[in-house]
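Okay, structure first, notes after.
The values are calculated or read from the model by the stated rules, or taken from the named source; none is laboratory data. Fair warning: this is a prediction, and the values are worked out from it, not measured in the lab. Here the Cβ positions follow ideal geometry from the backbone for every residue, glycine too, while neighbour counts run over all protein chains shown.
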Amino acid sequence: MNIVCIGSGYVGSVTGAAFATLGHRTTVIDIDRKKVELINSGKSPIYEPGLDELISSYIGNTLFAVDHYEVVREADVVFIGVGTPSKPDGTADLKYIKLAAQGIGKHLNAERFTVIVNKSTVPVGTADLVSSIIEENSGLIPNEHFAVVSNPEFLREGYALEDVFFPDRIVIGADNERARAMMSALYQGIVQRENYFEKSADFQFDYKLDNKKPDYFETDIKSAEMIKYASNAFLAVKISYINEIARLCEVLGADVTAVSKGMGLDSRIGNKFLQVSSGWSGSCFPKDTAELLATSRKYGCELGVIEAAVQSNLQMHNFVADKIKRRLKSLNGKTIGILGLTFKPNTDDARNTQASVIIREFAEVGARIKVHDPQGMTMFRALNPELDIAYCDDPLEVAEQVDGLVLLTHWQEYADLDWKEMFNKVRTPYLLDTRNFLDHSYLREIGFDAEGLGVGSSKQESRADKTVAV
Ligand SMILES: NC(=O)c1ccc[n+]([C@@H]2O[C@H](COP(=O)([O-])OP(=O)(O)OC[C@H]3O[C@@H](n4cnc5c(N)ncnc54)[C@H](O)[C@@H]3O)[C@@H](O)[C@H]2O)c1
């Protein structure tokens with residue numbers, strides 16, 4: 001098919017590269033010329049493992065990038081993958097969606113039937129809005145010349161290619177039969193893994209070929225739009241829940257790592273999103289929970305569980321900051337080293353991360369801050385220009401003469417560090433591992449005063465609890 005992806009960010013560039021890999025002629029449109037140039041030079045506009053390789057293999061072959069909408073004229077399916085950031089009142093700002101819809105409307109071809117797909121995370125009812133903008137700008141008739149469908153994206157940054165080629169589920173919300181049939185035909189390649197063996201060298205996930213094939217779930221448009229918000233909010237609630245349990249574990253002397261492992265063995269619960277942290281953050285959960293809450297309030301149907309999860313999450317950011325303040329006493333003039341600025345490893349996405357909240361708390365009480373992140377420093381610096389912090393190219397530089405180290409993001413690089421050398425650099429060997437990710441026994445053995453989150457005093461050693469057969 002002839003595919004167009006509008007937006008070449010974390011969703012658009014991955015979606016475009018994936019359909020191009022599967023043999024569809026795919027053009028990515030972005031108003032940001034730098035991103036278009038990067039793609040045309042065979043490079044990914046974002047840091048995402050494997051994406052550079054895919055783009056360089058397919059650019060000029062089945063993958064193209066432009067900064068104008070003329071290609072919409074030849075498209076069978078147009079994906080909208082532009083950003084939907086929060087407005088001050090929490091609702092989603094649809095200005096980029098509206099501009100994309102206008103661009104599509106101005107270039108839609110009356111001679112063919114085009115499916116417009118909302119892949120961006122958008123509030124319930126946005127498909128109707130997009131449809132009316134396209135109708136106004138094209139003069140064409142909805143359901144005769146074009147139809148808008150919802151196809152929310154569930155990829156995880158850092159694992160985006162794996163998730164796009166091997167999703168758990170594909171959700172399609174369509175009220176138009178012809179559009180539904182075209183989406184089904186387009187996704188057959190992924191559902192049936194057509195040519196995957198031949199292509200597996202490109203996306204390097206052949207070990208997943210034996211896994212269960214994805215569920216292809218068709219529903220109405222509004223339900224599909226709601227599925228995305230309800231899923232993200234549910235995951236946010238799950239993380240807030242285990243973080244609250246972690247805080248109670250500390251008081252009562254239990255170990256949250258063992259508790260989440262024991263809980264996760266129940267298939268009704270599952271072990272994902274049950275890892276302790278300094279709280280959820282990033283470019284999706286904060287804005288998506290804010291939108292769902294704002295909308296629920298407007299319609300007199302407030303979602304109390306999500307409200308509580310948001311409040312609990314803020315408490316978790318503060319809990320981490322307070323833990324260090326209590327431990328190191330006055331932070332005035334002391335230096336704190338931060339490892340990790342992104343909300344998760346394997347991404348350069350530093351939008352709305354917990355690091356910005358926690359660093360501000362330290363700065364407010366006079367601490368000096370040094371930071372390192374393998375990929376996220378450029379974006380973090382651009383988004384937080386007012387923060388007076390030292391950006392270090394090497395974690396060893398962060399450790400130099402610090403009074404405390406805080407690991408916020410569980411990059412593998414930090415597990416692989418030469419911690420003996422790190423120990424030799426620090427002024428005070430205090431280390432807080434907010435992900436319970438490092439080997440605390442080893443760190444204590446070499447002299448660090450290391451602690452995690454949610455580990456009560458009766459169980460200082462973080463040992464690997466085992467499931468034994470009986
Ligand atoms: N990032 C994720 O992990 C993820 C996962 C699932 C869903 N989503 C959703 O997908 C959407 C996109 O997220 P993202 O992280 O890829 O955003 P992003 O900010 O990384 O990318 C958006 C891109 O769209 C471009 N753009 C904006 N307006 C445009 C226009 N009118 N025409 C052409 N290009 C335009 C921007 O220049 C930018 O490159 C959001 O709604 C987000 O909630 C994101």
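Residue count for region 232-254, restricted to those that are in contact with a helix residue (DSSP H, G or I) (Cβ under 8 Å, 6 or more places away or on another chain) and aromatic (Phe, Trp, Tyr): 1. Taking each residue of region 221-246 that is assigned to a helix (DSSP H, G or I) and looking for partners that are surrounded by fewer than 18 Cβ atoms within 10 Å (Cβ to Cβ) and polar (S, T, N, Q) with beta-carbon atoms closer than 8 Å, six or more apart or interchain, yields Ile227/Thr219. Summed over region 404-438, the residues that are among the β-branched types (Val, Ile, Thr) and either crowded, with 24+ Cβ neighbours inside 10 Å or closer than 19 Å to Ser260 by Cβ (or both) give a count of 3. Applying the condition of being over 25 Å from the mean Cα position of the chain (by Cα) and near the ligand (Cβ under 10 Å from one of its atoms) to region 68-83 and asking which residue is surrounded by the most Cβ atoms within 10 Å (Cβ to Cβ) yields Tyr69. Of the residues making up region 84-93, those that are within 8 Å of the ligand (Cβ to nearest atom) and more than 18 Å from the chain's Cα centre (by Cα) number 0. Residue count for region 277-316, restricted to those that are under 22 Å from Arg156 (Cα atoms) and of a type outside the set (D, E, K, R): 17. Just one of the listed residues (Ala179, Ala201) is of a type in the set (Gly, Ala, Ser) and at pLDDT 95 or above, and it is Ala179. When Leu108, Leu129, Leu99, Leu94 are checked against the criterion of being touching a His at 6+ places or on another chain (Cβ under 9 Å) and of a type in the set (A, V, I, L, M, F, W, C), a single residue qualifies: Leu108.
Residues that are assigned to a helix (DSSP H, G or I) and of a type in the set (Val, Ile, Thr) were ranked within region 162-199; the one that is nearest to the chain's Cα centre (by Cα) is Val164. For region 143-150, the criterion of being away from the ligand (no atom under 14 Å from the Cβ), within 24 Å of the chain's Cα centre (by Cα), surrounded by fewer than 23 Cβ atoms within 10 Å (Cβ to Cβ) and in a loop (DSSP other than H, G, I, E, B) is satisfied by no residue at all.
Taking region 10-54 as the range and being among the small types (Gly, Ala, Ser) and either within 18 Å of Val82 (Cβ to Cβ) or within 12 Å of the ligand (Cβ to nearest atom) (or both) as the test, the residues that pass are Gly12, Ser13, Gly16, Ala17, Ala18, Ser44. Can you find a residue in region 417-431 that is of a type in the set (Lys, Arg), under 21 Å from the mean Cα position of the chain (by Cα) and at pLDDT 95 or above? So far as region 417-431 goes, no, none of its residues is of a type in the set (Lys, Arg), under 21 Å from the mean Cα position of the chain (by Cα) and at pLDDT 95 or above. Leu339: modelled with pLDDT under 95, closer than 27 Å to Gln275 by Cβ and of a type in the set (A, V, I, L, M), yes or no? Spelling it out, it is not the case that Leu339 is modelled with pLDDT under 95, closer than 27 Å to Gln275 by Cβ and of a type in the set (A, V, I, L, M). For region 332-366, the set of residues classified as more than 15 Å from the chain's Cα centre (by Cα) and surrounded by fewer than 22 Cβ atoms within 10 Å (Cβ to Cβ) consists of Asn332, Gly333, Lys334, Thr335, Ser356, Val357, Arg360, Glu361, Ala363, Glu364, Val365, Gly366, listed by residue number. When the criteria are applied in full, Tyr96 meets the requirement of being within 12 Å of the ligand (Cβ to nearest atom) and touching a Gly at 6+ places or on another chain (Cβ under 6 Å).
Quick grid of which residues meet (1) assigned to a helix (DSSP H, G or I); (2) assigned by TED's automatic domain parsing to the domain that holds Phe437; (3) touching a Lys or Arg at 6+ places or on another chain (Cβ under 9 Å); (4) free of Cβ contacts under 8 Å to residues at least 24 places away in the same chain:
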| site | (1), (2), (3), (4) |
| --- | --- |
| Ser283 | no, yes, yes, no |
| Thr289 | yes, yes, no, no |
| Met316 | yes, yes, yes, no |
| Phe319 | yes, yes, yes, no |
| Ile336 | no, yes, yes, no |
| Ser356 | yes, yes, no, no |
| Phe362 | yes, yes, yes, no |
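Look at region 253-275: where a residue is aromatic (Phe, Trp, Tyr) and a partner is modelled with pLDDT of 95 or more and surrounded by 14 or more Cβ atoms within 10 Å (Cβ to Cβ), sitting 6+ places away or on another chain with Cβ atoms under 7 Å, you get Phe273/Leu235; Phe273/Lys238; Phe273/Ile239. Checked against the criterion of being touching a Lys or Arg at 6+ places or on another chain (Cβ under 9 Å), more than 20 Å from Tyr159 (Cα to Cα) and not acidic (Asp, Glu), region 27-49 has at least one qualifying residue. I'd like to check something: does region 128-143 contain any residue that is within 19 Å of Lys213 (Cβ to Cβ) and in contact (Cβ under 8 Å) with a residue 12 or more places away in the chain? Checked region 128-143: no residue is within 19 Å of Lys213 (Cβ to Cβ) and in contact (Cβ under 8 Å) with a residue 12 or more places away in the chain.
Looking only at residues of region 103-120 that are more than 16 Å from the ligand (Cβ to nearest atom) and outside any loop (DSSP other than H, G, I, E, B), we find that the one that is farthest from Ser223 (Cα to Cα) is Thr114.
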